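Student: Let me begin by handing over the structure; questions about it come next.
The values are calculated or read from the model by the stated rules, or taken from the named source; none is laboratory data. Quantities reported herein were computed from a predicted structural model and do not represent experimental measurements. Note: ideal-geometry Cβ built from the backbone for every residue, glycine included; neighbour counts use all protein chains shown.
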Amino acid sequence: MKLSVENNWFLVVFAIAMLACQPAVKTDYVSNLNENWHIQSEDKINVGGAELSLPSFQSTNWTEGDIPATIMTMLMENGEYPDLFMGDNMDKVDDERFKQPWWYRKAFELNSFDAKATYQLRFEGLNYKANVWVNGKQIADEKTVEGPFSRWTFNASEYLVKGLNVIAVEVIPPVRGDLTIGFVDWNPAAPDQNMGLWRGVELIKSGVVSIESHFVSTKLDRSNWSDAELTITTLVTNYSDKTEKALVVANIAGLGTVKKEVELQAGESRDVSISAVDDSLLKIKEAKLWWPNNLGDPHMYDMTVSVKVNGVESQSIDTRFGIREIEQFINADGHKGWKVNGQPLTIKGAGWVDDMFLADSKDKVIAQVEYVKHMNLNCIRLEGFWGRDKTIYDAADENGLLVMIGWSCHWEWEAYCGRPETHYMAITGKEEIERHAQSYRDQVLYLRNHPSVFLWVFGSDKLPVPELEAKLNDYITSVDDSRPILAACKYQDFGTDHYNHSEVSGSTGVKMLGPYGYVPPVYWYIDTIAGGAYGFNTETGPGPQVPPVESIKKMIPEDKLWPINDMWNFHCGRHQFGSLDRYLNSFNKRYGAANTLEEFAFKSQISNYEAIRPMFEAFQSNKFHATGVIQWMLNSAWPEMFWQVYDYYLLPNGAFYGTKKACQPLSAVYNYKDNNIYWVNDYNTNVNKQVLSIEVYDIHSKLIHQNTLSLNLAAHSSGLAYKMPKLEGLTDTYFVNLELTNKGGELVADNFYWLSTKADEMAFEETTWVYTPAKDFANLNALNDIAKVDVEANWSQKVEGDYTIFICELKNQASQIAFFIEASVLNKKTNETIVPVFWDDNYVSIMPDETKVLRAKIATKLLPKTLDFRVKGWNMK
């Protein structure tokens, strides 16, 4: 067909219109430089940084890898130090190799170099000191580049060229007395002391004005707790040698755009804020709020912030934020608690630690955060500024998990930091106080826009010196006044008359009095001097959590697997926590000594479950005399036996499912102190017309007592549900089964307990910061002799999105309770559990003639070609 002139004109107009409708190509202002680095120790190099940073230098025979990566991480990824976690191989590493500087070198192409642009090099984290060179020129030296938690940004515009560029970084390791990254008594120290570029390096491009560290703070209308006023803040810097007028523009998806013009002097850097006073658009009606886990959706808003100079975009950065308000309260006994969006909540958390070589993958971090949510926890405590990037903070945002973050007690005790001990943490002297205060401010700017971060913490066991605390308060509140600050996680040193009562901020209002070793379930209800259920316990727990047998076999050599020996101790904690002795003393008396590895490992899951569940339940059922508890710990930095609810390999243990059960938002709870039943409601709303069923069985599964009652559960409350009568005919060991159903008869929550008529008795007069020993023990030995049962297991599966759902139907047709049943999905080739795995329940007990249905969710991409399924239990045939 021949087109007329009119046809041609129409096509031209149509083409122009289509081009106009295309989205603008967005400039990539921030590029990471994390790939293809090379490292080498200084003793193998005979030239300096000027030569190393030239494109002509050939880094042959250097070790290659990506950052973030410490020296050990990169060496291990290149095949050095295989099987480092097996046995005591860690002790065999010669650490002399790491007592010298190491060089990192990176060559990269910059083909789109713009001579008019501003280029900044940012080092997000390095340990411990460094000299930095670019294309033959030194741009920073070790006199200023010092400390693991500072972020270093250098204007590299005059050093970079079009084409090939080279960065060379001489990393100087920490020495004793340096305040560096540490793992305290949790595990062995890394042989290289975590030296290296442990966080990433960025190349940041802008015009003469740049923006960074965006932050949206919230004020909620307290008459309805839904209308919000926002303030948008961004750090703006003028890199030119003259005054510049800059237009800051913020676009919030679904809400609109706000603007503010500012004038910046040459070289000036300051926070620029746009508030509801500047633009009424930032007054949000019925905002979608960010809520912690089990209180609502953790809604996130997308936002783009840009800056224009003379009408031309100088830089643009995307970010996300959540609308929420954090406040603290003081209960009647003087203990601190917290509210989110006006609602009080019991803090239910656990202590996070990174991989001991700081080498966690993004997938592993995300899986662990999802585990935290899955266990019904709502908080992660970071003792240290963990995370080789922002993955943990992004994942916490998305999963509705609160994060409390601050310095580690590694900086407070001479055994770890190599400095004399006082009642304060070890940061002293004018220059050091300034350096560490600035580094904390760096971390606040790095993390302040994450709604998950709810609390800035200074010291762990000790207060900072008053000069440092005052400076920290000034530096932090100048860039973030939206969050509470906690000066230390401890108030009293147990057994002393020393209190962390700050000259600057007064009482800390929290406690850290132990225990860290095994205590029996009743402890959490009857202790009133240490870790029991009152106040906010910032770190505590029932000590060891021995993992399932398949993980034990990955860390203990075959010839050392049984009986327990020094190789097991090597995979415990350190110092006071270097063995399982305290745990075994109670374990053997309460449950009976194990005869085989398999028996000990499985029976330990029963003990893990029984020990951790009452800790959380005691705090849950004592709202708000008890305001929160942090289990010590959540995870482990390497394969070990201590302080973990899932192990280094992501395999959940009994404590995982005990925690999940204890922290369910609606629950019925057995109180080990008074033997009565309590109810718990974590939700923001009342939950009425619930039906509670109570059953008591003797050791032979004979039903001794039964009752049913109706309950109305007030929001954010707990209370007595049922006063247990004195029961006749109980055997030494017996069972209590609780079921909570809604008015439609659907199961809301269940809870199953194995109990003893012989009580654990505590020697409170012998309490230390480590634990309170028992002087007499409950007798659960009869569990070893309960009748065997057949349990029929029927498996099915279906695909839902990116996950495969496995359904395990368990039928107990016997007249005996099927006790502590575990279901597993296995890789048939390796006979190992597929992880991460998300069971709705596990380690369950099934009543006579009862059927339970368990469901597991596993990412389909993780499934091998052939699967196997396993069901085992304490008394299964």
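Student: Going by what's in this entry, would Phe57 be described as outside the structural domain of Val312 (by TED's automatic domain parsing), assigned to a loop (DSSP other than H, G, I, E, B), at pLDDT 95 or above and closer than 23 Å to Tyr649 by Cα? Step through it out loud before you land on a result.
Tutor: Details: outside the structural domain of Val312 (by TED's automatic domain parsing): yes; assigned to a loop (DSSP other than H, G, I, E, B): yes; at pLDDT 95 or above: yes; closer than 23 Å to Tyr649 by Cα: no.
Taking the combined requirement at face value, the residue does not satisfy it.
Student: Within region 649-666, is there a residue that is farther than 23 Å from Val736 by Cα, modelled with pLDDT of 95 or more, in contact with a Leu (Cβ under 9 Å, 6 or more places away or on another chain) and crowded, with 23+ Cβ neighbours inside 10 Å? First the steps, then the outcome.
Tutor: Within region 649-666, the subset farther than 23 Å from Val736 by Cα is 649-652.
Restricting the remaining residues to those that are modelled with pLDDT of 95 or more gives 649-652.
After this cut, where a residue has to be in contact with a Leu (Cβ under 9 Å, 6 or more places away or on another chain) as well, the list is none.
No, region 649-666 has no match at all.
Student: Select from region 724-755 the residues that are of a type outside the set (Asp, Glu) and touching a residue at least 60 places away in the same chain (Cβ under 8 Å) and list them in ascending order.
Tutor: To start, the set of residues in region 724-755 that are of a type outside the set (Asp, Glu) comprises 724-727, 729-731, 733-738, 740-745, 747-749, 751-755.
Across region 724-755, the qualifying residues are Phe735, Val736, Asn737, Leu738, Leu740, Val748, Ala749, Asn751, Phe752, Tyr753, Trp754, Leu755.
Student: Which pairs turn up if I take residues in region 336-352 that are assigned by TED's automatic domain parsing to the domain that holds Val369 and modelled with pLDDT of 95 or more and look for partners that are among the polar types (S, T, N, Q) and part of a strand (DSSP E or B) with beta carbon separation below 6 Å, at least 6 apart in sequence or on another chain?
Tutor: Within 6 Å, the pairs are Ala350/Gln631.
Student: Something else about it: Criterion first (in contact with a helix residue (DSSP H, G or I) (Cβ under 8 Å, 6 or more places away or on another chain) and at pLDDT 95 or above) does Ser213 satisfy it?
Tutor: yes
Student: Residues of region 265-286 being part of a loop (DSSP other than H, G, I, E, B), out of contact with any helix residue (DSSP H, G or I) (no Cβ under 7 Å at 6 or more places or on another chain), in contact (Cβ under 8 Å) with a residue 24 or more places away in the chain and within 21 Å of Arg222 (Cβ to Cβ), which ones?
Tutor: Passing the criteria: Lys285, Glu286.
Student: Kindly state which strands (runs of 3 or more DSSP E) lie completely within region 99-146 and contain at least 3 residues that are under 20 Å from Asp178 (Cα atoms) and touching a residue at least 12 places away in the same chain (Cβ under 8 Å).
Tutor: Output list reads 129-134.
Student: Which number in (1) surrounded by fewer than 20 Cβ atoms within 10 Å (Cβ to Cβ); (2) more than 28 Å from Ser636 (Cα to Cα) marks the one condition that Asn131 misses?
Tutor: Of (1) surrounded by fewer than 20 Cβ atoms within 10 Å (Cβ to Cβ); (2) more than 28 Å from Ser636 (Cα to Cα), only one is false for Asn131: (1).
Student: Hey, does region 154-163 have a residue that's among the aromatic types (Phe, Trp, Tyr) and either in contact (Cβ under 8 Å) with a residue 40 or more places away in the chain or buried (at least 23 other Cβ atoms within 10 Å of the Cβ) (or both)? Steps first, answer last, please.
Tutor: Initially, region 154-163 is screened for residues among the aromatic types (Phe, Trp, Tyr), giving 154, 159.
Those left that are additionally either in contact (Cβ under 8 Å) with a residue 40 or more places away in the chain or buried (at least 23 other Cβ atoms within 10 Å of the Cβ) (or both): none.
No, region 154-163 has no match at all.
Student: Please indicate, with yes or no, whether at least one residue in region 420-440 is within 26 Å of Asn378 (Cα to Cα), surrounded by 21 or more Cβ atoms within 10 Å (Cβ to Cβ) and of a type outside the set (Ser, Thr, Tyr). Reasoning before the result, please.
Tutor: First pass over region 420-440, keeping only residues within 26 Å of Asn378 (Cα to Cα): 440.
Now drop any that are not surrounded by 21 or more Cβ atoms within 10 Å (Cβ to Cβ), which leaves 440.
Those left that are additionally of a type outside the set (Ser, Thr, Tyr): none.
No, the conditions are met nowhere in region 420-440.
The rows are residues; the columns are (1) surrounded by 15 or more Cβ atoms within 10 Å (Cβ to Cβ); (2) among the polar types (S, T, N, Q); (3) closer than 24 Å to Gly125 by Cα.
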| residue | (1), (2), (3) |
| --- | --- |
| Gln58 | no, yes, no |
| Asn61 | no, yes, no |
| Asp66 | no, no, yes |
| Ala69 | yes, no, yes |
| Trp103 | yes, no, yes |
| Glu109 | no, no, yes |
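Student: Something else about it: For region 226-243, enumerate the residues that are under 18 Å from Asn155 (Cα atoms), of a type outside the set (S, T, N, Q) and buried (at least 17 other Cβ atoms within 10 Å of the Cβ).
Tutor: Val236, Tyr239
Student: Do we have any residue at all in region 170-180 that's aliphatic (A, V, I, L, M), at pLDDT 95 or above and under 19 Å from Leu203 (Cα atoms)? So that I can check it myself, show each step before the final result.
Tutor: The initial filter retains those residues of region 170-180 that are aliphatic (A, V, I, L, M), namely 171-172, 175, 179.
Imposing the further condition that a residue be at pLDDT 95 or above reduces the set to 171-172, 175, 179.
If we keep only those that are under 19 Å from Leu203 (Cα atoms) as well, we get none.
No, the conditions are met nowhere in region 170-180.
Student: Still on this structure, please answer the following. Can you say whether Lys788 is surrounded by fewer than 19 Cβ atoms within 10 Å (Cβ to Cβ) and either small (Gly, Ala, Ser) or over 26 Å from Ala662 (Cα atoms) (or both), as far as the supplied structure shows? Let's see the steps before the verdict.
Tutor: Working: surrounded by fewer than 19 Cβ atoms within 10 Å (Cβ to Cβ): yes; either small (Gly, Ala, Ser) or over 26 Å from Ala662 (Cα atoms) (or both): yes.
Here the answer is yes, as Lys788 does meet what is asked.
Student: Taking Ala668, is it aliphatic (A, V, I, L, M) and in a helix (DSSP H, G or I)?
Tutor: Values: aliphatic (A, V, I, L, M): yes; in a helix (DSSP H, G or I): no.
No.
Student: Moving on to the next point. Do you know which residues across region 473-503 are within 20 Å of Ile529 (Cβ to Cβ) and surrounded by fewer than 16 Cβ atoms within 10 Å (Cβ to Cβ)?
Tutor: Gly495, Thr496, Asp497, His498, Tyr499, His501 - these are the residues of region 473-503 that are within 20 Å of Ile529 (Cβ to Cβ) and surrounded by fewer than 16 Cβ atoms within 10 Å (Cβ to Cβ).
Student: Just to be sure before I move on: is Tyr843 touching a Gly at 6+ places or on another chain (Cβ under 7 Å), buried (at least 20 other Cβ atoms within 10 Å of the Cβ) and farther than 25 Å from Ala749 by Cα in the structure I sent?
Tutor: no
Student: Tell me the residue from Ser815, Ser796 that is surrounded by fewer than 17 Cβ atoms within 10 Å (Cβ to Cβ), part of a loop (DSSP other than H, G, I, E, B) and at pLDDT 95 or above, please.
Tutor: When all the criteria are applied, what remains is Ser815.
Student: Kindly state which strands (runs of 3 or more DSSP E) lie completely within region 686-783 and contain at least 2 residues that are at negative phi and of a type in the set (Ser, Thr, Tyr).
Tutor: 687-698, 703-713, 717-722, 733-741, 747-756
Student: May I ask you to say which residue of Val789, Val770, Val799 is under 26 Å from Leu863 (Cα atoms) and of a type in the set (Val, Ile, Thr)?
Tutor: Val799
Student: Output the qualifying pairs, or none if there are none: Cβ atoms under 9 angstrom, residues six or more apart or on different chains, first residue in region 552-574 and over 14 Å from Glu598 (Cα atoms) and without any contact (Cβ under 8 Å) to a residue 40 or more places away in the chain, second residue outside any helix (DSSP H, G or I) and among the charged types (D, E, K, R).
Tutor: Once the first residue is over 14 Å from Glu598 (Cα atoms) and without any contact (Cβ under 8 Å) to a residue 40 or more places away in the chain and sits in region 552-574, its partners that are outside any helix (DSSP H, G or I) and among the charged types (D, E, K, R) give Asp566/Asp88.
Student: Another question, if that's okay. Please return the ranges of strands (runs of 3 or more DSSP E) entirely within region 317-385 where 3 or more residues are among the aliphatic types (A, V, I, L, M) and either surrounded by fewer than 23 Cβ atoms within 10 Å (Cβ to Cβ) or more than 19 Å from the chain's Cα centre (by Cα) (or both).
Tutor: It comes to none.
Student: So, in region 287-315, of the ones that are more than 30 Å from Asp241 (Cα to Cα) and assigned to a strand (DSSP E or B), which residue ends up farthest from the chain's Cα centre (by Cα)?
Tutor: Across region 287-315, the extreme among qualifying residues is Met303.
Student: Quick check on region 846-867: of everything there that is under 19 Å from Leu650 (Cα atoms) and over 27 Å from the mean Cα position of the chain (by Cα), which residue is surrounded by the fewest Cβ atoms within 10 Å (Cβ to Cβ)?
Tutor: Across region 846-867, the extreme among qualifying residues is Pro864.
Student: Taking the condition surrounded by fewer than 23 Cβ atoms within 10 Å (Cβ to Cβ), closer than 30 Å to Trp568 by Cα and either without any contact (Cβ under 8 Å) to a residue 40 or more places away in the chain or among the acidic types (Asp, Glu) (or both), does Asp178 pass? Steps first, answer last, please.
Tutor: Working: surrounded by fewer than 23 Cβ atoms within 10 Å (Cβ to Cβ): yes; closer than 30 Å to Trp568 by Cα: no; either without any contact (Cβ under 8 Å) to a residue 40 or more places away in the chain or among the acidic types (Asp, Glu) (or both): yes.
Answer is no for this residue.
Student: Looking at Ile612, is it part of a helix (DSSP H, G or I), aliphatic (A, V, I, L, M) and in contact with a strand residue (DSSP E or B) (Cβ under 6 Å, 6 or more places away or on another chain)?
Tutor: On the way: part of a helix (DSSP H, G or I): yes; aliphatic (A, V, I, L, M): yes; in contact with a strand residue (DSSP E or B) (Cβ under 6 Å, 6 or more places away or on another chain): no.
Spelling it out, it is not the case that Ile612 is part of a helix (DSSP H, G or I), aliphatic (A, V, I, L, M) and in contact with a strand residue (DSSP E or B) (Cβ under 6 Å, 6 or more places away or on another chain).
Student: If you don't mind, another one. Of the residues that sit in region 691-721 and are within 34 Å of the chain's Cα centre (by Cα) and among the hydroxyl-bearing types (Ser, Thr, Tyr), which one is surrounded by the fewest Cβ atoms within 10 Å (Cβ to Cβ)?
Tutor: Checked region 691-721; the qualifying residue surrounded by the fewest Cβ atoms within 10 Å (Cβ to Cβ) is Ser717.
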